[in-house]
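Notes to accompany the following structure.
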Amino acid sequence: MPTSRKAKVERKTKETQIELTLDLDGQGSASVSTGIGMLDHLVEQVAKHGIIDITLQAKGDLETDEHHTVEDVGLAIGKALDEALGDRAGIVRMADALVPLDEALASVAVDLSGRGYSVLDVEWTGERIGELPADLINHLLWSFANEAKITLNARVLAGVNDHHKAEAVFKALGRALNAASRPEPRRKGRTPSTKGTLKT
């Protein structure tokens, strides 16, 4: 396991320009600016409740629509997490979190498996949550899990307000990532897999 579990990612295309730093062993601080207020808010939830430091600056073609920015933010955070985890030796690997927010209840389970896969049972009532198209939240999670090479299962078990449901999901994601990425001293640096590797 690397002594410093940090990563820096730059993603520049004709559609977006993203600069991101991530520290898995941070204090939960976040400085996020994507041009989409609700997207900033959701990334901040992951940082705060995952106790992960995230600095993210993203400029995208919002004059077209929000899709490219949301997708590329997910890809960038996922890539940073993958790099920060290193060979994933010695970590807990799997964890879940159940988070309420008023009437909403979200469940997120993760496996830092080295394979990108996601199952999302998340439905939205409205078309937008603030400036963020609601359907892009699912795409954000899918993009993140794929690039991070993790298995992600997210469900909204109860809820009426879309903001509450989304925020509960991302708080739960942060908590699950924090628990799964922790070093487990009893492993003594060994890889938590019968295959002997989590890097495919």
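The values are calculated or read from the model by the stated rules, or taken from the named source; none is laboratory data. Treat the numbers as computed from the prediction; the structure is a model and nothing was measured. Reconstructed Cβ throughout: ideal geometry from the backbone, glycine too, with neighbour counts over all protein chains shown.
Would you confirm, using the coordinates I've provided, whether Gly126 is of a type in the set (Gly, Ala, Ser), surrounded by fewer than 23 Cβ atoms within 10 Å (Cβ to Cβ) and either without any contact (Cβ under 8 Å) to a residue 40 or more places away in the chain or touching a Ser or Thr at 6+ places or on another chain (Cβ under 7 Å) (or both)?
Details: of a type in the set (Gly, Ala, Ser): yes; surrounded by fewer than 23 Cβ atoms within 10 Å (Cβ to Cβ): yes; either without any contact (Cβ under 8 Å) to a residue 40 or more places away in the chain or touching a Ser or Thr at 6+ places or on another chain (Cβ under 7 Å) (or both): yes.
Criteria met by Gly126.
Here Ala47, Ala109, Ala84, Ala80 are screened, and the one residue that is buried (at least 16 other Cβ atoms within 10 Å of the Cβ) and part of a strand (DSSP E or B) is Ala109. Among the conditions (1) of a type outside the set (A, V, I, L, M); (2) more than 19 Å from Glu131 (Cα to Cα); (3) out of contact with any strand residue (DSSP E or B) (no Cβ under 8 Å at 6 or more places or on another chain); (4) at pLDDT 95 or above, Lys8 misses just one, which is (3).
When restricted to residues that are touching a strand residue (DSSP E or B) at 6+ places or on another chain (Cβ under 9 Å), surrounded by fewer than 18 Cβ atoms within 10 Å (Cβ to Cβ) and closer than 24 Å to Ala166 by Cα, segment 87-106 contains 5. Please determine whether any residue of segment 82-94 is under 14 Å from Phe144 (Cα atoms), modelled with pLDDT of 95 or more and among the charged types (D, E, K, R). Scanning segment 82-94, I find at least one residue that is under 14 Å from Phe144 (Cα atoms), modelled with pLDDT of 95 or more and among the charged types (D, E, K, R), so the answer is yes. Note on segment 117-139: residues that are among the aliphatic types (A, V, I, L, M), assigned to a loop (DSSP other than H, G, I, E, B) and either on the phi > 0 side of the Ramachandran plot or in contact with a Gly (Cβ under 9 Å, 6 or more places away or on another chain) (or both) total 1.
Among the conditions (1) closer than 15 Å to Thr13 by Cβ; (2) at pLDDT 95 or above, the only one that Thr64 does not satisfy is (2).
Quick check, is Ala154 under 30 Å from Lys6 (Cα atoms), crowded, with 18+ Cβ neighbours inside 10 Å, in contact (Cβ under 8 Å) with a residue 60 or more places away in the chain and aliphatic (A, V, I, L, M)?
Details: under 30 Å from Lys6 (Cα atoms): yes; crowded, with 18+ Cβ neighbours inside 10 Å: yes; in contact (Cβ under 8 Å) with a residue 60 or more places away in the chain: no; aliphatic (A, V, I, L, M): yes.
Against the criterion (under 30 Å from Lys6 (Cα atoms), crowded, with 18+ Cβ neighbours inside 10 Å, in contact (Cβ under 8 Å) with a residue 60 or more places away in the chain and aliphatic (A, V, I, L, M)), Ala154 does not qualify.
Taking the conditions (1) farther than 23 Å from Ile150 by Cβ; (2) crowded, with 20+ Cβ neighbours inside 10 Å; (3) hydroxyl-bearing (Ser, Thr, Tyr) in turn, Thr69 satisfies each one other than (1). Only a single criterion out of (1) out of contact with any helix residue (DSSP H, G or I) (no Cβ under 8 Å at 6 or more places or on another chain); (2) more than 26 Å from Leu22 (Cβ to Cβ) is not satisfied by Pro100, namely (1).
Condition check ((1) within 12 Å of the chain's Cα centre (by Cα); (2) farther than 21 Å from Leu152 by Cβ) across all residues:
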{"residue": "Thr13", "(1), (2)": "no, yes"}
{"residue": "Thr55", "(1), (2)": "no, yes"}
{"residue": "Thr69", "(1), (2)": "no, no"}
{"residue": "Ala80", "(1), (2)": "yes, no"}
